[in-house]
Every structure is written in C-alpha cells, then in structure tokens.
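Notes to accompany the following structure.
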Amino acid sequence: MARCICACAADGHVCGAARRGFTLIELLVSIGILGLLVGLVVPGLSAARRQSMRVRCLANLHALVLASGVYATESREDLLIAVHPVANRNPLHDEGFFDYGGKTGARNVWEGRRLGPLSERTAETRPLNRILFAGAEEMGRDGFTVFRCPADTGIPSRTHANNDRFWDPALGLQPLFDSVGTSYGANAYRARSRGGEDGLRRFFSVGLFLRATSRVPFPSQTVFLYEGVMWYNAASRDREAPLRWQGVRGWHGERSEYNVAFADAHVDRVPTLAGESWRGQQKQFTRLYLRGRGFRFDCLPSPPIEDPPTTSGEGFQPSRGM
C-alpha cells in the first residue's frame, strides 16, 4: 500500500502540505467584495446619521415652540416670540430674530456688541431662557443644547445674503449657534414704510414679532422658528424689489429644504424654489409678503404692527434683504 504523503499528526489534525493559503486571485476577489460591502454600508450609515440629526433638530424646534407657548400664556400680550427687554430702543430692528433665547453670542461677530458678550442681549437677559432654565447655573450645565441644530455649519456665503444689517463675515467661520447663541431664527419678519411727510422710515412687523396668537390667521402655515440658514436664503437686488429665494442649501441635505416649526406647534421640512418671489406689495409698504409652497412668514391679512423706534431716511438705512 502506498504511503500517504500528507501525514497526520497524532492528534488527528492535518499537517504540512494539507494547509494552503489564499491565491492572489482569491485575495483580490475578497478585497473587491469588501470594497463593495463598504460602498453599500457607509452611505447607509451616513444617511442614518443625517436622518438622526434631522430628527434631533425637529425635536429641538418642537421643544422651543412648546416653551414659547408657556411664555405666551404668561405674557399679558399673549406673544409667541419672546420680546427682549431692550427691544423698544433698538434702531437696528434686529430684535426677535435671535435674542429670544439661547446662549451669549460670539465676540467676533459684530464685535460682540449686538448679541455677544459686550451687548445687552447676553444669555442671562434672553427671556425664553427663564422658561427653560432655573437659573444661570442650570444654563451653564445644560449648554443650551436645545438651541443647537446638530447639523449647524454656519452661513455659507455672503453672496447669498446681500443683507448688510444681518451680515458679518464671521457668520461663515463657525456654527450660527456660536455666532448668535441659537441655530434657530424666529419669524420677526418686517416690512418698511416708504416714508411720510416727516421723513421718517417706520418698520412694521408682518410676522409673529409683537403679534398676539389671536392675530395669526393661518397658524398651521405660518413659520414660527426655522433653521437659521433659511433666513439668509431670502434676498433681493435692491430695496424696492420683492425678496426672492436664492436656492441656498439647508443644513440637512443637498436641496434648499429647511426644518421649521409652525405657529400651531407642528414641525416639518419645507422646500424653497430658487428664483420664486411673492409680490402684492401695498403702496405704503415694501416687501409685505414672504412665502413658499405650503408656508408663509407674513401674517396678512392681519394688519402690520408698528415696531418703534423710527429712523430718518438720511440716517440708518435698512438692509436690502429685509
């Protein structure tokens, strides 16, 4: 009988020549399969991560709307947007957008004098914080996480925000949350009067700022809070032209879609159509309308509400974008 070349060890395991490694072809095939698996799995993980951030953002918006509802019931005027104590003496008319709540803004944005540490609108003074936090110690411990969108990357480009009153180059260097204290803007949309015989320009709230909940005719369509980059998507070439959506991408995807909370407390994603504008201006006002498919910033036909103080036509000039 011929002897077997491949002898077996005493314990029964095959030894020596019975073992063989991968051939080069098998190794390359295995690498190719692994590459395909990675190509299939990684996009899925990325999509899951994006979806998780989108859901977290919507949850933040919903929580802020509910807190604002508490503020409204506690305020005599039944106002949804928390009004900062210094609002009545602010000639820039930028109150309501970001100072309703959140942390102190950054020193490198507007030199820290509008929403930063050198301003009167630090975290301790922002009215919605009183509803959300028991005091300064709790603010510091929490980190204001409900005001931060996990996908917040700041404002992408000056070209999309031809709005001198609301622009600073540092807005593109850091998350909006760090710049102004919150990732979410509030609907403090305003129209501007064309001026009267006294030469004064007057601002009027046509959004939710200074407006009681009973004066919001379409709460399920009226935007209350929104991911902040959406505001910089609305711009125009001159002060008399209607605003147009510029096609700026939202923080949660490639298209110009945005997470928003509505005045009736529901949250959703809304798209904007690049180049779309809403006209219908009245003779005494500019830019009364700002709308999109299924949403609106203006509260018409509810009348505009005057927002003092007034400014002379030769002094402060309101921005092109608002």
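So R296 fits all but one of (1) among the basic types (K, R); (2) crowded, with 16+ Cβ neighbours inside 10 Å; (3) at pLDDT below 85; what number is the exception?
(3)
I'd like the full set of residues that are surrounded by fewer than 24 Cβ atoms within 10 Å (Cβ to Cβ) and either under 20 Å from D94 (Cβ atoms) or of a type outside the set (K, R) (or both), limited to the range 211-221.
Narrowing the range 211-221 to residues surrounded by fewer than 24 Cβ atoms within 10 Å (Cβ to Cβ): 212-221.
Within the range 211-221, A212, T213, S214, V216, P217, F218, P219, S220, Q221 meet the criteria.
Checking the condition over 15 Å from S183 (Cα atoms) and surrounded by 21 or more Cβ atoms within 10 Å (Cβ to Cβ), which residue from L66, L80 passes? Steps first, please.
Details: L66 fails: surrounded by 21 or more Cβ atoms within 10 Å (Cβ to Cβ).
The unique qualifying residue is L80.
D142: surrounded by fewer than 20 Cβ atoms within 10 Å (Cβ to Cβ) and closer than 30 Å to S193 by Cβ, yes or no? Steps first, please.
Numbers: surrounded by fewer than 20 Cβ atoms within 10 Å (Cβ to Cβ): yes; closer than 30 Å to S193 by Cβ: no.
For D142, the condition - surrounded by fewer than 20 Cβ atoms within 10 Å (Cβ to Cβ) and closer than 30 Å to S193 by Cβ - is not met.
Could we say that Y100 is buried (at least 20 other Cβ atoms within 10 Å of the Cβ) and within 17 Å of M230 (Cβ to Cβ) here? Walk me through how you get there before you give the answer.
Working: buried (at least 20 other Cβ atoms within 10 Å of the Cβ): yes; within 17 Å of M230 (Cβ to Cβ): yes.
Against the criterion (buried (at least 20 other Cβ atoms within 10 Å of the Cβ) and within 17 Å of M230 (Cβ to Cβ)), Y100 qualifies.
The values are calculated or read from the model by the stated rules, or taken from the named source; none is laboratory data. Predicted model only: the values in this text are computed from it and were never measured. With ideal geometry, Cβ positions are generated from the backbone for all residues, glycine too; neighbour counts draw on all protein chains shown.
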